[in-house]
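Written below as structure tokens is the structure these notes are about.
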Amino acid sequence: MATTLFHARGLTKTYHMGDVEVHALQGVDLDLVEGEVVIILGPSGSGKSTLLNILGGLDAPSGGEVNFRDHQLVGAGDAALTRYRREHVGFVFQFYNLLPSLTARENVALVTEIAPRPMPPDDALRLVGLGERLAHFPSQMSGGEQQRVAIARAIAKRPDVLLCDEPTGALDSETGVVVLQALARANRELGTTLVVITHNATIAQMGDRVLHMRNGRIASIETNAVRRDPAQLEW
Amino acid sequence: MRMLTRKLVRDVVGQAGPLAAVAMVAASGIALYISLRSMRGFLARSQADYYRDYRFADVFVQVKRAPAAAAREAAAIPGVRVAEPRLLWEAVLDVPGLAEPAVGRFVSIPPAGEPRLNVPHVRVGRMPAPGTGREVAISEAFAEANGLGPGDSLGAVLNGRWERLHVVGVAISPEYIYEMQGTELFPDNRRFGIVWTPRALLASATGLETGFNALAVELAPGASEPDVIAALDRLLGRYGTLGAYGRSEHASHRFISDEIEQNKVGAVILPGILLGVTAFLLNVVLSRLVATQRAQIAVLKAFGFTNAEVGRHYLALALAPVAAGGAVGVPLGFQLASATAAIYARYYRFPVSEVRPDWGVAAAACLIAATAAVVGAALSVRAAVSLPPAEGMRPPAPARFEAGLLDRLGAQRLLAPSTRIVVRNTARRPLRAAAAVAGIALAFAMLVVARYAFTAVDRIKDVQFQYAQREDVSVTFREASPRRVVDALARLPGVLAVEPLRVVPVALRHGVIERRTALLALPAGSELHRVVDQDLHVHRVPSSGLLLTSKLAEVLRVAPGDSLTVAVREGDRRTVRVAVADTVGELLGANVYGDLAFVEAMTGESGAISGALLSVDPRREGALYVTLKRQPALVGVGIRSAALAGFEKTIADSFQVSLGIAVIFAVVIAFGVVYNGARVALSERARELASLRVLGFTKREVTTMVFGEQTLLTVVGMLAGAGIGYALCAWVAAVGNTELFRIPLVVTAGAYLYAAAVIAGAFGVSALAMRGRIRALDIVACLKTGE
């Protein structure tokens, strides 16, 4: 039996955007196990990103509790959360968020330099199929390539969990598949737990479980009998 | 290289323009600090070393004539360590190649050889051999100004006859670091010099085979100077003393000490302004950079970079231009220090005239600049450090705009939309706008002050050389002479008119305050020397009572109508009470004037004059000079045109250099502030501007909008600068209000126009530099998300 990676109970999150009070999470209970692929589906504003940020130690919930293995994330100080992210978490964002002033290899090396047991940056880039574009700057690459550099950057530190916020949101279907393949490969070959936020119901087929979120709550959870290879997906 | 370092390097390259502007201002600040501090240290150290190594005396006294025994008695006064008797003598010199007569101050060298106090430092050749020869050593400034050296000869009337003196050496002395004739206000090294001669040569001239007419005194450690001065005055009273005085009244010492003191103020204020601007510019550049790199900061944090690492990164970015500024500013500062030292060396003569690079000062300058950078960057770095990683992923909430005063008044309807944008953008960041205004205001003020200084010096020159001194030549007699000498002078070649004058050494007392000075007695209706105030008004010398320079009246705390005690220090040395008839706001000196007839009655000595002013036919001045050079009765000859040339050469020249530097720095500040402001406004609002282009605004309209903000800030800055500039000028005038001189507060419209033109020029250049960027604005790229 796989061990539980995340254990969350009663998560709430309220924040202020200008003069508006936003209730992003209104009581979320969730358990994630090691090595599984979880897809989170839901409309804009349903709390997907907030949940992901809390799991990744980027944000603190307004209420409730969340544990990573036996670490309490709620109430952990900034330094502890920083160390947690450095050692255990990899992020992939919709808009890649590469550092424009660094090349592909340098963007990956940026993270491997501070990680405790990283893989060589070149290996990470080969893993996402970018062995040939090491010295290119983000501005010299296509969106799909940039996103694969972002994935290489996230997996190069051998994280326990890879948190991806709309990783294909800015990509066309063909490029999106290549990116998803890179994610699936990291899950398969490195055993990394994968959490992917998406609008795209088709992508749900590559997951072990699918979480449907609505109005800051988990509306339903479905389990896929078979995980589809991203190569078979099309939208 | 670490990746974060690589990012740093590339960010620096990407922000090359704004950071270069910061580096330029920082370099200026560092260079200025180093040069001013080095100069001050150099002057203070040179002075202290020189005084110690060459035993500059503590107390000085001149007498008519005193026997050798009096020197031994002086040496026995408690607190006196050394009392060295010597002979001082002034005489007209005939310098080869110099048409005008010059004046030499002869200083005796004891028969035993080297003096014990005020030891000369030989630069070239040697000191004259003791004995009865005609060998002399001359002071360096005088030698250089006239191209003299060992092997040359000088003519002088000594002992009532023409003597040919052989120059064997060139020397300097701690007593005459600043070589100036007693009665003059500016150095004229061509026409005045120190001449060291064996005592024997002066003995017959002074008629003092064994006695002395001057005493240099060194105090024992811990001795009280006032007590020794009082004892000396008592001892030497019967020998016709003019009164002993300490270093504080010694002309050369006072000039250098004043210079060091003034440097102290300048060394703080000027670099302070520049480094303040450095901090401000960094604040602008960095706050903009952190704002645009929100997402990058968030990514770094998401991947586990600590707050300290992120903070250090942005701090390093702030320090990079300071490091570049240091790399340029440190050598520039040393260079400036050497250049300034070369100017100082023209009138301050020290054994060592080379400024060695002071690395301690350089390190301090860089450290101060780095501190300014850290202060300037602090807010932005804090913003980067405190940015929550999740927050950084979201686009920043729209900047808060509120209806401002203009809107509430309904004035916005009067403004075009583009003008409204300009006004609201400026109002939204009041601190930044205020700092930009302050930067431009300071630059403007510096320019006004620089211009004002020129005007003030011109005014001093005009008052002194056009309005007050109207004689062509002035002569001073060795002994008080009968009035009929005037007729003899009138018969000299080329002399058109002669006016007598009398200078009486006096001590003025009011209550406990005493000032020793020279009372200048002028004949009624004197045309050749007029008393002129700083507004060019001529004041008549009253027929009764005394006319005092306002500053002297202020020091003595007297006003017209009060009376003063005047102790006459010649003749029968009587003490009288005299009324202060009037005061005059003169620019130079602390003078006291009286009508010649009134002064004669006051001193009880009539018919005697001590000098005369001559009006001369310029075509025949050469012949007059030849005659004057051979007059044994003359101890001094002043020539107005030569004095004016000397003034322009020394004072005005060095002024030009230091003010030129100030102008350059002001331009650097103005350019830095305006260029950076526009650069930041452009990049901060690239999206907004691109949107406007998409909506159909022309490039010209968009350009106007970016520069509208800068124009607004620049205009406000200039207006504030005019006020600050005037205040600074008033401050300079107040600081410059000393007993030696006053600086007139004459700020002309030209000064403001000049400053406005320079700032407008800096604005124009940065506008040109920015125009290309605005034209190249990539509309589509700007509207894409992210940086």
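The values are calculated or read from the model by the stated rules, or taken from the named source; none is laboratory data. Keep in mind that what you see is a predicted model, and the values were worked out from it rather than measured. Please note: Cβ atoms are built from the backbone with ideal geometry, for glycine as well, and neighbour counts cover all protein chains shown. Surface accessibility is based on the protein's heavy atoms, side chains included, excluding ligands, DNA and RNA. Shrake-Rupley method; radii C 1.70, N 1.55, O 1.52, S 1.80 Å.
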Subject >> Where residue B:333 falls short, out of the listed (1) of a type in the set (Gly, Ala, Ser); (2) crowded, with 23+ Cβ neighbours inside 10 Å; (3) away from chain A (no Cβ under 14 Å); (4) more than 28 Å from residue B:144 (Cβ to Cβ) >> reply: (4)
**OP:** Name the one entry in B:503, B:473, B:495, B:485 that is touching a Lys or Arg at 6+ places or on another chain (Cβ under 8 Å), of a type in the set (A, V, I, L, M, F, W, C), within 26 Å of residue B:525 (Cβ to Cβ) and at pLDDT 90 or above.
**Re:** B:473
Original post:
Could you give every pair whose Cβ atoms fall below 6 Å, whose first residue belongs to region B:537-560 and is under 14 Å from residue B:597 (Cα atoms) and in contact (Cβ under 8 Å) with a residue 24 or more places away in the chain, and whose second residue is hydrophobic (A, V, I, L, M, F, W, C) and surrounded by fewer than 16 Cβ atoms within 10 Å (Cβ to Cβ), counting only separations of at least 6 or pairs across chains?
Top reply: B:545/B:579
Original post:
Taking interchain pairs and intrachain pairs at least six residues apart, which have beta carbon atoms under 6 angstrom, with the first residue in region A:72-94 and facing chain B (nearest Cβ under 7 Å) and surrounded by 16 or more Cβ atoms within 10 Å (Cβ to Cβ) and the second assigned to a strand (DSSP E or B) and not acidic (Asp, Glu)?
Top reply: A:91/A:163
Subject >> Pairs with Cβ under 8 Å, 6+ apart, first in region B:320-338 and of a type in the set (Ser, Thr, Tyr), second at pLDDT below 95 >> reply: B:338/B:354; B:338/B:355
**OP:** Give the residue, chosen from B:356, B:346, B:312, that is modelled with pLDDT under 90, of a type in the set (Lys, Arg) and part of a helix (DSSP H, G or I).
**Re:** B:346
Subject >> Of residues in region A:12-52 being within 14 Å of another protein chain (Cβ to nearest Cβ) and among the aliphatic types (A, V, I, L, M), the one surrounded by the most Cβ atoms within 10 Å (Cβ to Cβ) >> reply: A:51
**OP:** Could you grab me the full set of residues in region A:54-71 that are aliphatic (A, V, I, L, M) and either in a strand (DSSP E or B) or away from chain B (no Cβ under 13 Å) (or both)?
**Re:** A:66
Original post:
From A:107, A:97, which residue is in contact (Cβ under 8 Å) with a residue 40 or more places away in the chain, part of a loop (DSSP other than H, G, I, E, B), within 13 Å of chain B (Cβ to nearest Cβ) and polar (S, T, N, Q)?
Top reply: A:97
Original post:
If residue B:542 passes every condition in (1) on the phi > 0 side of the Ramachandran plot; (2) open to solvent by less than 40 Å² (accessible area, probe 1.4 Å); (3) of a type outside the set (Phe, Trp, Tyr) but one, which one does it miss?
Top reply: (1)
Original post:
When you go through A:153, A:133, A:188, A:117 one by one, which is the residue that is open to solvent by 20 Å² or more (accessible area, probe 1.4 Å), of a type outside the set (Ser, Thr, Tyr) and at pLDDT 90 or above?
Top reply: A:188
Original post:
Hey, any hits in region B:619-637 for a residue that's within 29 Å of the chain's Cα centre (by Cα) and within 26 Å of residue B:141 (Cα to Cα)?
Top reply: yes
Original post:
List pairs: first in region B:91-106 and under 15 Å from residue B:195 (Cα atoms), second among the polar types (S, T, N, Q), Cβ under 7 Å, 6+ apart or cross-chain?
Top reply: B:92/B:631; B:95/B:146; B:103/B:181; B:106/B:197
**OP:** Answer with yes or no whether residue A:130 is within 18 Å of the chain's Cα centre (by Cα) and more than 7 Å from chain B (Cβ to nearest Cβ).
**Re:** no
Original post:
How about region B:453-476: which of its residues are farther than 26 Å from residue B:636 by Cα and of a type in the set (Asp, Glu)?
Top reply: B:458
**OP:** Determine the pairs where a residue that is within 11 Å of chain B (Cβ to nearest Cβ), located within region A:143-172, has a partner that is of a type in the set (Phe, Trp, Tyr) and open to solvent by 10 Å² or more (accessible area, probe 1.4 Å) with Cβ atoms under 6 Å apart, the partner being 6 or more residues away or on another chain.
**Re:** A:146/A:96; A:150/A:96; A:165/A:93
Subject >> Residues of region B:687-715 satisfying the condition of being open to solvent by less than 20 Å² (accessible area, probe 1.4 Å) and either in contact with a Leu (Cβ under 9 Å, 6 or more places away or on another chain) or among the charged types (D, E, K, R) (or both) >> reply: B:689, B:690, B:702, B:705, B:706
Original post:
Mind checking which pairs have a first residue in region B:296-316 that is on the phi > 0 side of the Ramachandran plot and a second that is of a type in the set (Gly, Ala, Ser), Cβ under 8 Å, 6 or more apart or different chains?
Top reply: B:304/A:115
Original post:
Taking region B:266-298, which residues are over 23 Å from residue B:19 (Cβ atoms) and within 11 Å of chain A (Cβ to nearest Cβ)?
Top reply: B:298
Original post:
Taking residue B:565, is it within 30 Å of residue B:236 (Cβ to Cβ) and either modelled with pLDDT of 95 or more or open to solvent by less than 70 Å² (accessible area, probe 1.4 Å) (or both)?
Top reply: yes
**OP:** Test residue A:234 against the criterion of being surrounded by fewer than 18 Cβ atoms within 10 Å (Cβ to Cβ) and not in a strand (DSSP E or B), and give yes or no.
**Re:** yes
Subject >> Any hit, region B:302-311, residues being of a type in the set (Val, Ile, Thr), open to solvent by less than 10 Å² (accessible area, probe 1.4 Å), touching a Pro at 6+ places or on another chain (Cβ under 9 Å) and within 14 Å of chain A (Cβ to nearest Cβ) >> reply: no
**OP:** Scan region B:1-23 and report the pairs whose first residue is more than 18 Å from residue B:312 (Cα to Cα) and without any contact (Cβ under 8 Å) to a residue 40 or more places away in the chain and whose second residue is open to solvent by 50 Å² or more (accessible area, probe 1.4 Å) and not β-branched (Val, Ile, Thr), with Cβ atoms within less than 9 Å and a gap of 6+ or a chain change.
**Re:** B:14/A:100
**OP:** Count, please, the residues in region B:546-581 that happen to be over 31 Å from the mean Cα position of the chain (by Cα) and not small (Gly, Ala, Ser).
**Re:** 17
Original post:
Out of all the residues in region B:3-24, is one or more within 30 Å of residue B:259 (Cβ to Cβ), in a helix (DSSP H, G or I) and touching a Pro at 6+ places or on another chain (Cβ under 8 Å)?
Top reply: no
Original post:
Could we say that residue B:598 is touching a residue at least 24 places away in the same chain (Cβ under 8 Å), of a type in the set (Phe, Trp, Tyr) and closer than 30 Å to residue B:758 by Cα here?
Top reply: no
Original post:
Inside region A:24-38, can you point out the residues that are small (Gly, Ala, Ser) and in a strand (DSSP E or B)?
Top reply: A:24, A:27
